[in-house]
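Working notes, structure below.
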Amino acid sequence: MAEIYFTKEHEWIKVEDNVGVVGITAYASEQLGDIVFVELPEEGIIAEIGKDIAVVESVKAASEVYSPVSGTIIKSNEDLNSTPEIVNEDPVGKGWFYEIKISNNDELSGLMSEEEYQKHIGD
Amino acid sequence: MKNSNKGLNHDEPILFDIGGMDKSGVDLNEPTFKENFIGECFEDREIGLPGLSEPESIRHYVRLSRKNYSIDAGLYPLGSCTMKHNPRLNEKLARLKGFSEVHPLQPLSTCQGALELIDEISVWLKELTGMKAVTMTPKAGAQGELCGMLAIKKAIESRNECHRTKVLVPDSAHGTNPATAAFLGFDVVTIKSDKNGRLNFDDFKQNVDKKFAAAMITNPNTCGLFEDDIIEISNYIHDAGGYLYCDGANFNALVGKVRPGDLGIDAMHINLHKTFSTPHGGGGPGSGPVVFSDLLKDFCPAPLLKKDEEYYYLVENLNDKDIDKSFGRLCVFHGQMGMFVRALSYMMSHGSDGLRQVSEDAVLNANYIKSSLEDVLTPAYEGYCMHEVLFNDDFLSGTGVETIDFAKALIDKGYHPMTIYFPLVVHGALLVEPTETESKNSIDQFIETIRELASKTQDGEEFFKKAPIYTPIRRLDETKAARNPVLRWQKNDVIAAE
Amino acid sequence: MRYLPLTKNDREEMLSTIGVNNIDELFSNIAEKANINPKINLPNHKTEMEVEKHLSLLSDKNLHADNSSFFIGGGSYKHHIPASVDHIIQRSEFLTSYTPYQPEISQGTLQYLYEFQTQVSLLTGMDISNASMYDGSTATAEAVSMAKRITKRNGVILSNTIHPHYADVIKTVSGIKDNELVYNRKFSIDIDHLFNEVNDNTACVVVQNPDFFGSCYDLSSLAEFVQSKGALLIVVVTEVLSLGMLKSPGAMGADIVACEGQSLGNPMNFGGPYVGLLSTKNKYLRQIPGRIVGESEDVDGKKGFVLTLSAREQHIRREKATSNICTNSGLCSLAFTIHLTLLGEKGFKNLSRLNHESALNLKEKILKIPEVKLLNKSFFNEFTIELPIKGEIFINRMAEKRVLAGIPVSRLINNNKELDNCIVVASTETNTDDDMNSFIEAAKEVLR
């Protein structure tokens, strides 16, 4: 059963059986405005929790995406190369960024639940 | 081609749609096409460059020019840019052959007048800023920042204190400041502004530790306010073993009136295209000389201009003993000579008395605007400003109109908009800098227009969201341009269209 | 004062509106802490006539290309600029306009930059170009930074024969550590040396063509080799007119091309302002620094132009920007594009030929002087000769006869004795037979 977690930096991660799918939240994509480009990590890259792993660019801003967990990149969402606007349309679904094989499950306990995240952006 | 002209507004196709491979506006002697000595990489290729005759060229560029706003045609209230009048004497003198037709690597005995000019402008800059040394080489303001920070980096290295990696930058700083520091490998820490729009000195002090290298401060700052604690800040920095870099973009508020050297700064870049009237040219060229204090003067980049009795000479090679502490070289040759001539012409025309009047009138004009608009717009900070006044978008709340829309509506009223969304510390910022070369009539008309627009925001957002409507082209889709970048004309465009 | 519109009355009225008695009240917070109205040791204002007189005297002290026989190149060239160019760039709307951040009122600037970007790409044989950089040397340094970002490697190899100033700039500005840089200054490109030095940590190899000494090379096999090692080839061109007769850097396989564009539209101006050109392949689009113009549409569907891909630039990315560059070279890029438009394909290629033929002509004459040797096996419009005396002495003595005969190599490379007797001589379409005869006559006397 997939669990979803959130970070303070507005990333989400859906976890099932040691594999996470990562993207940015609706709040983040709204703040950025029209997404024009996403720079995604290559397969096999080692990600570190809290370190930048991708870049998302809009017309007026560019933002680092920080990996919610450590692990190895399994694959990235190629669709974003041709249609980056999917991130605006469906940020938590079709607008996913990458899949990662999680190396340390304990890291998940440091992340926020959906409720906690909603409170976080409410502030 | 369809005619979509309207009166004096002509549409102009791109060069590649009107030029021809067999057209030219230049008569040349016929080459002999005999032997060549190029060797293995010779090629007679089809490059694809369209040409136009002289009448067609002039028409093409004149029609393009007429789609541009310019300071000659109207006020630019652009905060941080200092869009002042560009004197035509500058242009005349820059074109004297003894400046424009001189090669940078001529034997020094044949260009003493050029070197003397560089010396003269150096003296003016040192005296106006109260600083000990100056390098004229940086090619623009951003390169001037790079120069100042490279000197600081070299100074730290020469003291064997390479653990000093931290640079403090206010949150109101122009983007080039942290970009420059990060580019050089420093760790950038952002310091908050306080509720009076100044640097929070306590937050600043808390971030100064053993790793502290330097602070990059703009003064007056990007909110248009003088950093009142600057001398205390500078003393604190020096006691901690660090350096103070000053972004001199706002020097127009101080020139002739206050000397940065008296405030304890170690390096400051000066934008000749801002304070000293060299033309903006649609984006460049600029020139960003940097003045240095005693702490940094030994680290100046090559070339150094020196004098032996009455003879000027250059120290150009980095292995020369006179230059062994230099951090290196920023550009080929000696800097933007064409801009030095223009700036010196301006400085001499004003003189030290006239330059003091410049900063006084600049500050006067900005405060007059603030006083005349503070009942309809919302100034971000109380009290007098310096040469620019900062408003936030509180006055727009509830109207549906955003800062960008207000700016676009101003275009329809015949003005280039003010600086918007900068500095970042204020929501929906509008930063207005009239400069000293606007007449009272001009400023009154601007004030009247802003008042009219502010009042109109109460009638609804449609007028503003649709703006501009009177320009040759209306709001452009910047998202489309960034998602599918088309950055040049391609031959295939023609084939695809057929 | 002629540039200050406010009258005494105006100032009084305005001070009254603000609610103060005198201007210094607006500076009072500063006066509390620092010195205002300091004594400044500079002259007071001068009339136009006085300023003109003063600067004209300085100008008159200099020899220049129009009052001497002129043969200097080395990264800055004397060419004839058509009268229309200077006339157009002085139009108010080009000279005194701001950066095109508000595209609705800057289509003039944006369109000519789009045309410029296309012209530069065609010349260099590359996919895309930006809206210009400060000059060739900083464009080259930016290209090196780009290569480091793209390959995520730090090693940089500079060919022996790139312009010595360019090498110094790269070292200063591209953040290269001493142990990451390979560079030895000598006359000929040691191709084997370049091949040997490339390793797994090499981000790029930088080669100038034609090089500082004037020689031309086909870089195709070097490009292939460098790329097979995962590194990039950066080609530097200091004389854009050479692109009318040489294979384009793109055709030879360059990854990034950095040029000095001064030869078109811009006088030598004692070193600046100039215009740097930067071109690259489509796949490196997001790494290109500086301003770039793209096509778009407005709300009515009308085609127009905007500054684009700004998210890479400093005012948005701040710490993570691709570069700290803010300006492009605006008016100088306009002068470049106007000149190139006036020339057109045929004009540009003919001008290129005329330059080469002028240099061939001069070479023939010079080689008749005893004890003078040509070092190049190939050249475009400048070449290196070896003299029987020190180059610096030769040049200074020639200058006394109003012949600006070239650049003594020792001025820029002062630690290689083998090159002390060498000078680099350029000859362009502006050099007449009379100029060349003056050169020969003077040289014969100097070498007697």
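Since every read-out is calculated from the coordinates, none of them should be taken as a lab result. Values in this document were obtained by computation on a predicted structure and should not be read as measured data. With ideal geometry, Cβ positions are generated from the backbone for all residues, glycine too; neighbour counts draw on all protein chains shown.
Quick notes on this one:
- Cβ charges +1 (Lys, Arg) and -1 (Asp, Glu), total dipole of the stretch C:83-339, debye: 620
- Note that chain C carries a Kirkwood radius of 24.4 Å, evaluated over its alpha carbons pair by pair.
- Taking the alpha carbon gyration tensor of the stretch C:83-339, multiplying each eigenvalue by 5 and rooting it gives semi-axes of 31, 20, 16 Å, largest first.
- Distance between the 7 Å Cα→Cβ label points at B:ASP375 and B:GLU232: 3.7 nm.
- Peptide C:61-72 is shielded by partner chain Cβ atoms: per residue, an average of 6 of them sit within 10 Å of its Cβ.
- Placed amide H near B:ALA302: partners under 5 Å, 5+ positions off or other chain: B:GLY328, B:ARG329, B:LEU330
- Highest average first, the peptides B:32-39, A:70-77, B:411-418, C:353-360 ordered by how many other beta carbon atoms sit within 10 Å of their residues are C:353-360, B:411-418, A:70-77, B:32-39.
- Along the stretch B:126-139 the Karplus relation, 6.51 cos²θ - 1.76 cosθ + 1.60 evaluated at θ = phi - 60°, assigns HN-Hα couplings of 5, 6, 5, 9, x, 10, 7, 9, 8, 10, 8, 6, x, 7 Hz to successive residues, with x for each Gly and Pro.
- Under Karplus coefficients 6.51, -1.76 and 1.60, residue-wise ³J(HN,Hα) of the stretch C:209-226 in Hz, glycine/proline x: 8, x, 7, 4, 8, x, 6, 10, 9, 8, 9, 4, 6, 5, 4, 4, 5, 4
- Within the stretch A:71-85, backbone nitrogen closer than 17 Å to the virtual label 7 Å beyond the Cα of A:GLU9 toward Cβ: A:71-73
- Cα-based equivalent ellipsoid of the stretch C:193-258: semi-axis lengths in Å, sorted from largest, via gyration tensor: 21, 11, 10
- Straight Cα distances below 20 angstrom link A:LYS51 to the aspartates and glutamates A:GLU9, A:GLU11, A:GLU39, A:GLU42, A:GLU43, A:GLU64, A:GLU99, A:ASP106, A:GLU107, B:ASP187, C:GLU319, with same-chain residues fewer than 8 positions distant left out.
- Space enclosed by the convex hull of the alpha-carbon atoms of chain B, per residue, Å³: 215
- Within the same chain, lysines fewer than 8 places from B:LYS97 are excluded, and of the rest, those with a Cα less than 23 Å from its Cα are B:LYS139, C:LYS46, C:LYS53, C:LYS61, C:LYS78, C:LYS401.
- Relative contact order, percent, the stretch B:354-481 [alpha-carbon distance under 8 Å, six or more residues apart]: 28
- Taken as Cα centroids, the stretch B:11-50 and the stretch A:27-59 sit 45 Å apart, rounded to the nearest whole angstrom.
- All Cα-Cα separations within the stretch B:1-56 were binned at 10 Å from zero, giving a P(r) of 16, 32, 29, 13, 8, 2, each value a whole percent of the pairs.
- Stokes-Einstein diffusion coefficient of the stretch C:14-108, Kirkwood radius over Cα pairs, 25 °C, 0.890 mPa s, in µm²/s: 121
- Over chain B, relative contact order from alpha-carbon pairs under 8 Å, at least 6 apart, %: 18
- Near B:THR218, the amide H atoms lying under 5 Å from its own belong to B:ASP247; only residues 5 or more places off or on other chains count, and H is placed 1.01 Å from N.
- Value of [θ]222 nm, deg cm²/dmol, for chain C, DSSP H segments ≥ 4, -39500 (n - 2.57) each, nearest 500: -11500 deg cm²/dmol
- Amide H to amide H, with H built 1.01 Å from N, A:ALA47 comes under 5 Å of A:GLY71, A:THR72, A:ILE73, counting only residues 5 or more places away or on other chains.
- Charge sum, other residues only, whose C-beta stays under 14 Å from B:LYS23's C-beta, Lys/Arg counted +1 and Asp/Glu -1: -3
- Order of A:TRP96, A:TRP12 under a 10 Å beta carbon neighbour criterion, fewest first: A:TRP96, A:TRP12
- Mean separation of Cα contacts under 8 Å (6+ apart) over length of the stretch B:89-346, as relative contact order %: 29
- Debye intensity ratio in log₁₀ form over the Cα atoms of the stretch B:83-162, taken at each q of 0.11, 0.16, 0.18, 0.27 Å⁻¹: -0.47, -0.89, -1.04, -1.25
- Applied to the stretch C:136-150, the Karplus parametrisation 6.51 cos²θ - 1.76 cosθ + 1.60 on θ = phi - 60° returns per-residue 3J(HN,Hα) values of x, 6, 6, 4, 5, 4, 5, 4, 5, 4, 4, 4, 5, 5, 5 Hz, with x for Gly and Pro.
- D by Stokes-Einstein for the stretch B:354-481, Kirkwood Rh over Cα pairs, 20 °C, 1.002 mPa s: 140 µm²/s.
- Dimensions in Å of the stretch B:49-107 - Rg and Dmax from alpha carbons: 17.2, 45
- Projecting the Cα atoms of C:MET126, B:TYR368, C:SER188 onto the charge dipole of the protein assembly as shown (Cβ charges, centred on the Cα centre) puts C:SER188 farthest toward the positive pole.
- Listed from fewest to most Cβ neighbours within 10 Å, the set B:CYS147, B:CYS300, C:CYS204 follows the order B:CYS300, C:CYS204, B:CYS147.
- Taking one quarter of the surface of the convex hull spanned by the alpha-carbon atoms of the stretch B:89-346 gives a direction-averaged projected area of 13.8 nm².
- Expected-Rg normalisation [2.2 N^0.38 Å, Cα atoms] applied to the stretch C:358-419: 1.12
- Computed [θ] at 222 nm, deg cm²/dmol, chain B (DSSP H ≥ 4; -39,500 (n - 2.57); rounded to nearest 500): -10500 deg cm²/dmol
- For the stretch C:1-24 versus the stretch C:397-448, the spacing of their alpha-carbon centroids is 59 Å.
- Between the stretch B:89-150 and the stretch C:150-228, the Cα center-to-center distance that results, in Å: 31
- Kirkwood Rh and Cα Rg combined as Rg over Rh, evaluated for the stretch B:1-141: 1.08
- Counted over all Cα-Cα pairs of the stretch B:115-185, pairs farther apart than 17 Å make up 56 percent.
- Residues B:LEU295, C:LEU342 in ascending order of nearby Cβ atoms (within 10 Å, fewest first): B:LEU295, C:LEU342.
- The calculated P(r) of the protein assembly as shown, using every Cα pair and 20 Å bins from 0, goes 12, 44, 36, 8, 0 in percent.
- Rounded to the nearest 20 debye, dipole of chain C from Cβ charges on Lys, Arg, Asp, Glu: 800
- Pairs of C-alpha atoms in the stretch C:134-223 farther apart than 17 Å represent 45 percent of all such pairs.
- D (Stokes-Einstein, µm²/s), Kirkwood Cα radius, the stretch A:3-107, 0.890 mPa s at 25 °C: 184
- For the stretch B:286-445, the normalised intensity computed at q = 0.16, 0.19 Å⁻¹ comes to -0.99, -1.18 (log10 of I(q)/I(0), Debye sum over alpha carbons, equal scatterers, no solvent).
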